[in-house]
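The values are calculated or read from the model by the stated rules, or taken from the named source; none is laboratory data. Keep in mind that this is a model prediction, so the values were computed, not measured. Quick reminder, even Gly has a Cβ in these numbers, built from the backbone with ideal geometry, and neighbours come from all protein chains shown.
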């Protein structure tokens, strides 16, 4: 089974994906880790790489190609990134979107990264705007469109164990024959080569 975990920064993607993979005995691949490795390869911070990605679409396309290849080639995997639900496309069995109010996400990021909440809020807002524009420009993906997801969870309402329980329940009750009309979206094609 391939499970994707998507959502904005601070939504709890990494926590859920790691816990879910551990509980199911699956591998876990993080788009954030891939993005950070691309930044390291280029001698940049992730924020610097994100800014460069605004001018150089090869950066995003490289990350997205790596995610798509991983989805195509691996089974028993939890694939985590903002776009993993879209990039895994027809290979995904269960697509999960996590979210929380901006204040909650900013507080989580500030605590994790040891920075003021206001700074985390502004950086998160700027990054989200930048990425949303690029996703729409490159692939015609509206990141606000939740219609491809099987499950959408507000992680401010449950602690990490509660979120894990919800997603595990969905995975345990997964019906592989119940996907009529699911992804890929008819008429939408993605150009990963640029």
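Please specify each residue of segment 109-149 satisfying the condition of being within 26 Å of residue 19 (Cβ to Cβ), touching a helix residue (DSSP H, G or I) at 6+ places or on another chain (Cβ under 7 Å) and not in a helix (DSSP H, G or I). Those that are within 26 Å of residue 19 (Cβ to Cβ), touching a helix residue (DSSP H, G or I) at 6+ places or on another chain (Cβ under 7 Å) and not in a helix (DSSP H, G or I): 143, 148, 149. Being assigned to a helix (DSSP H, G or I), modelled with pLDDT of 95 or more and surrounded by fewer than 17 Cβ atoms within 10 Å (Cβ to Cβ) is a description that does not apply to residue 90.
None of 44, 63 is closer than 26 Å to residue 19 by Cβ and either modelled with pLDDT under 90 or surrounded by 15 or more Cβ atoms within 10 Å (Cβ to Cβ) (or both) except 63. Of all residues in segment 118-132, those satisfying the criterion of being closer than 27 Å to residue 57 by Cβ and free of Cβ contacts under 8 Å to residues at least 12 places away in the same chain are 122, 126, 129. What do you reckon, is residue 24 more than 15 Å from residue 112 (Cβ to Cβ), modelled with pLDDT of 90 or more and touching a helix residue (DSSP H, G or I) at 6+ places or on another chain (Cβ under 9 Å)? Considered against the rule, which asks whether it is more than 15 Å from residue 112 (Cβ to Cβ), modelled with pLDDT of 90 or more and touching a helix residue (DSSP H, G or I) at 6+ places or on another chain (Cβ under 9 Å), residue 24 comes out as yes. For segment 151-167, the condition holds for at least one residue, the condition being that it is in contact with a strand residue (DSSP E or B) (Cβ under 7 Å, 6 or more places away or on another chain), surrounded by 15 or more Cβ atoms within 10 Å (Cβ to Cβ) and either part of a loop (DSSP other than H, G, I, E, B) or modelled with pLDDT under 75 (or both).
Total residues in segment 22-41 satisfying the condition of being farther than 22 Å from residue 108 by Cα, in contact with a strand residue (DSSP E or B) (Cβ under 6 Å, 6 or more places away or on another chain) and either in contact (Cβ under 8 Å) with a residue 60 or more places away in the chain or buried (at least 20 other Cβ atoms within 10 Å of the Cβ) (or both): the figure is 1.
Residue count for segment 52-73 under the criterion of being assigned to a loop (DSSP other than H, G, I, E, B) and out of contact with any helix residue (DSSP H, G or I) (no Cβ under 9 Å at 6 or more places or on another chain): the result is 2.
Annotation for segment 103-112: no member residue is within 22 Å of residue 175 (Cα to Cα) and under 15 Å from the mean Cα position of the chain (by Cα).
With respect to the conditions (1) crowded, with 24+ Cβ neighbours inside 10 Å; (2) at pLDDT below 95, residue 79 falls short on a single one, namely (2).
Residue under question is residue 18, and the condition is that it be within 20 Å of residue 155 (Cβ to Cβ) and surrounded by fewer than 20 Cβ atoms within 10 Å (Cβ to Cβ); does it hold? Yes: the conditions hold for residue 18.
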